[in-house]
1. Under a point spin-label approximation (7 Å from Cα along Cα-to-Cβ), what is the SER544-ARG591 distance to one decimal in nm?
2. Measure off, as a whole percent, the carbon and sulfur share of the 1.4 Å-probe accessible area of region 435-591, all protein chains present.
3. How many angstrom separate the Cα center of region 538-594 from the Cα center of region 186-250?
4. Which FRET efficiency value, to the nearest 0.05, do you get for ILE42 and ARG205 by plugging their Cβ-Cβ distance into 1/(1 + (r/R0)^6) with R0 = 56 Å?
5. Taking LYS223 as the anchor, which lysines have their alpha carbon closer than 27 Å to its alpha carbon, excluding any fewer than eight residues away along the same chain?
6. Report the residues of region 567-590 in range of a label on SER517: point 7 Å along Cα→C-beta, backbone N strictly under 16 Å from it.
7. Given a 1.4 angstrom probe, what's the average accessible area per residue across region 526-640, in square angstrom?
8. Can you return the lysines within cross-link range of LYS289? Criterion is Cα-Cα under 18 Å, with same-chain partners fewer than 8 residues away left out.
Amino acid sequence: MDGSAELEAAERVVMRWDSTSASASAAADEPMLFDGASGDRIEAERFLRAVDDLRRLAPPSPAAVGSPRCLSSGSSAGGASSAVQVAMARLEDEFRHVLSSRALDLEIEALADLGGSLSISSDRSNSASSADLQVVDEDDSVSSSVGRRSSYRSLPSIREIDLLPDDAVADLRAIASRMAAAGYGRECAQVYASVRKPAVDASLRRLGVERLSIGDVQRLEWKALEAKIRRWIRAARAAVRGVFASERRLCFLIFHDLPISNITITATATATAATAPATHDTPFAEAIKGAALQLFGFAEAISIGRRSPEKLFKIIDLHDALSDLLPDVSDIFAASKVAESIYVQAAEIRSRLADAVRGILSEFENAVLRDPPKTAVPGGTIHPLTRYVMNYSSLISDYKATLSELIVSRPSASARLAAEGNELAPSLAELELPEPENQSPLAAHIIWIIVVLEHNLEGKASLYKDTALSHLFLMNNVYYIVHKVKDSPDLWSLIGDDYLKRLTGKFTMAATNYQRSAWLKILNCLRDEGLHVSGGFSSGISKSALRERFRSFNAAFEEAHRVQSGWCVPDTQLREELRISISEKLVPAYRSFLGRFRHHIENGKHPELYIKYSAEDLEIAVNDFFEGVPPSPHIRRRSHG
């Protein structure tokens, strides 16, 4: 068969499948060549051979390249040129049909593993909720990638899922190669993007990715936003490692090495608009670009939102999740000129999240500094600020792997305080910030937070009119700080033994000052000074002075019992140790005093008015101290004088 006959035969095959004619367009049940049936496969192969013959025997002129449907319906040219247009229009329809009708349902459940694969931080298995600063387990097992690999590099965390059966992919590749060779790569790519884009959007919706603007995100209450961040982290992992990776693989299998560079696309994910030549990645970029921008737009909204201390740990989670994903994002997007802007955007968002973390830590330090004295907490118990700051500091230490990388400068007390214009600046600027060798900037910040907390607590202690209670307040709070450090190995390692010893010394000093302030006057009632008389015809004990001494002791102890029973030492061990310490000083001194002078009182009138308590009664009464509740009207007594 000569060339002319071959060309005519090819034209006849093609024209039988003319989808540009009015009659064909009106037929709702128009048969398709690539519908998977074996009989039609023969006709499909015949059609592809005819297209190849048209290209070989009558290659299209540059002027003829364009939308096959428009050119075919509006062109008066006949013969081979018209047949090529018909062929391209038919292949475009077939491409759309196969891509949409043969798509496999994406099993979102299969991607759920990716949502929890790879813990956010190798050093951390806890994630904090700012509502109560409680620790929530976020660690999940590592999921291995499955599925067939394409020739581009893919990380182990990526899971490529078949989006279409192998035979359908082969058909799409066969169609795309003919269209690209004929100069219709643009049309083929546009059809691909128009079909896959809704599929990608639907997959992200099923993963829980919401369509929220930056304004929508920033208007949400923080508790609601915390839950969305947790869901976003899981959804982002599944979207990047499953949905986007699988889409790129499909695009690669269909368009790899095909000449579709006769078009350009606009990169919209970066701040500066730029055009890039279309490549085999162009259909992929066009299909996922909107979904990717929507996905990362949520993290961007968080990164530029208002900074406040309660947001720190969720923002670190978000930063770490994005850091964990960036190698995958790079693998999927950065190698493509047309999709690289998505990787650039993700990297920029991570950088802004890091800035937010540093800013929030600084804001937290200043919030501790600015917390006003207001009113004293009842009973000298642990101040809510102490609990909050130490729980916060413990969680900071849980996140030390990330924070040690992000916090690179030490706190500058005098400069920051001067800038803040805080009324406490003059005294705080002189505070000594311990600087042991090899201390990390993060450790310096935590120590500075505790130093500022101590200073703030000293201001709050001054609110108490009772000096002994102010010392008890400091004792309670410093004891809590010390034990919070000891209970957290990470926090202890950051603070170091030297600073912990310093804190322990402050606790001991506060406890000693309390006992001196609260009990010295009472114990002085049990001294011999002032009771002895001499001269004249008599010498010995002044009974009136002794009676007054017993009255003074009774009144002082009863007042101490009444007042200090309402004071609070919340730690059970510390409360018991303090009672024992008081008893060890008080009871022996009272027993000795009673033994020396009891008979002087008992030989007089109404001894029960002066010797009201036995040593055992005092010991029993001391057990009422520091319960934080009013005592009974009368001291419990085991026996009477």
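The values are calculated or read from the model by the stated rules, or taken from the named source; none is laboratory data. Remember, predicted model here, so these are calculated numbers, not experimental data. Because the Cβ atoms are built from the backbone with ideal geometry, glycine has one as well, and the counts that use them run over all protein chains shown. Each accessible area value is taken on the protein alone, full model and side chains, heavy atoms only, with ligands, DNA and RNA left out. Shrake-Rupley method; radii C 1.70, N 1.55, O 1.52, S 1.80 Å.
1. Computed distance between label sites SER544 and ARG591 equals 3.4 nm.
2. Looking at region 435-591 in its full context, I get 53 percent from C and S.
3. Taking the Cα centre of each part, region 538-594 and region 186-250 sit 72 Å apart.
4. 0.90
5. Reachable lysines: LYS311, LYS314, LYS400, LYS484.
6. 567-569
7. Working: 6380 Å² over 115 residues.
Value for region 526-640: 55 Å² per residue.
8. Partners found: LYS197, LYS337.
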